[in-house]
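Chemist: Sharing a structure with you now.
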Amino acid sequence: MFEQLVQWDKDCLIFLNGLHAPWLDPVMLLMTHTLFWLPLYLLLIFLLFRKFKRQAWFLLIGVVLTIVLSDQLTSELIKPYFARLRPSHDPAMAGLLHLVDGYKADSYSFSSGHAANTFGLALFFWFTFRKVNKFMALLFAWAGLMTYTRIYLGVHYPADILAGIVLGLCCGAIGIATSHYLRAWHAARTRDATP
């Protein structure tokens, strides 16, 4: 049964990776890099401070916690434990994938750090702004696009992405709960200090 799931995972990757176009190659290669999205990250931080003022520092702690958890759990715990070769490094997949400009990525494949980080952030910001900005739901589309680049480039299997999404959502929930606790703690402390 496990072998069948692994084979489906490979077949799904080969199919999705095969849906490529020459004009999309440089676009996907650009969009897969975290620094490409720096303006978006700066905008989200700006919106935090514009809406929540000094309280935004507690939310920022939640954001940092989300990223640190999702990144460290994938790169330092899960990837070394499962040690699954990236499809771009797997000899069994040689010649079956469309790789762009020799990009193969490093480390292991399972689970996807890109998926964990982006979906964790998407959940955090959507939840934080859900009552005042419905457009924040579009962050899930951004996270989906960002993670799809990993399949397009042949550096992750679909199962890596799905596992990263689940992990990222869990880390995002922890970040949300932490920032909520810190804001409540600060509010109670401020009330107690008021004469």
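Chemist: How would F125, F135 rank on accessible area, largest to smallest, probe 1.4 Å?
Modeler: Greatest to least solvent exposure: F135, F125.
Chemist: Rounded to whole Å and ordered largest first, report the semi-axes of the equivalent ellipsoid of segment 74-195 derived from its Cα gyration tensor (root of 5λ).
Modeler: 38, 16, 9
Chemist: Compute the accessible area per residue over segment 78-195, keeping the other protein chains in place, probe 1.4 Å, unit Å².
Modeler: Result: 50 Å² per residue.
Chemist: Let me ask another. Please compute the per residue accessible area over segment 25-68 with all protein chains in place, 1.4 Å probe, rounded to a whole number of Å².
Modeler: Computed with neighbouring chains in place, this is 62 Å² per residue.
Chemist: Moving to a separate point now. What number of lysine-lysine pairs in the chain show an alpha-carbon separation below 26 angstrom, given a sequence spacing of 8 or more or placement on distinct chains?
Modeler: Taking the chain as the scope, the lysine pair count is 7.
Chemist: Let me ask you something else. Quick one: how many Å² of K104 are accessible to a 1.4 Å probe, rounded to 10?
Modeler: Ignoring ligands and nucleic acids, K104 comes out at about 90 Å².
Chemist: Hey, another quick one. Using Cα pairs under 8 angstrom and six or more residues apart, how large is the relative contact order of the chain, in percent?
Modeler: Contact order relative to length: 32 percent.
Chemist: Ok, one more. Diagonalise the Cα gyration tensor of segment 36-81 and give the resulting equivalent ellipsoid semi-axes, square root of 5 times each eigenvalue, largest first, whole Å.
Modeler: In descending order the semi-axes read 27, 13, 4 Å.
Chemist: Name the residue from M93, V6, L42 whose Cα lies farthest towards the positive end of the charge dipole of the chain, charges +1 on Cβ of Lys and Arg and -1 on Cβ of Asp and Glu.
Modeler: Towards the positive end, the residue furthest out is L42.
Chemist: Counting only protein heavy atoms and a 1.4 Å probe, tell me what percentage of segment 1-157's accessible area is made up of carbon and sulfur.
Modeler: Carbon plus sulfur share of accessible area: 71 percent.
The values are calculated or read from the model by the stated rules, or taken from the named source; none is laboratory data. Given the structure is predicted, the values throughout are model-derived calculations rather than measurements. Cβ: placed from backbone, ideal geometry, glycine included. Neighbour counts: every protein chain shown. The accessibility values were calculated without ligands, DNA or RNA, using every heavy atom of the protein model including side chains. Shrake-Rupley method; radii C 1.70, N 1.55, O 1.52, S 1.80 Å.
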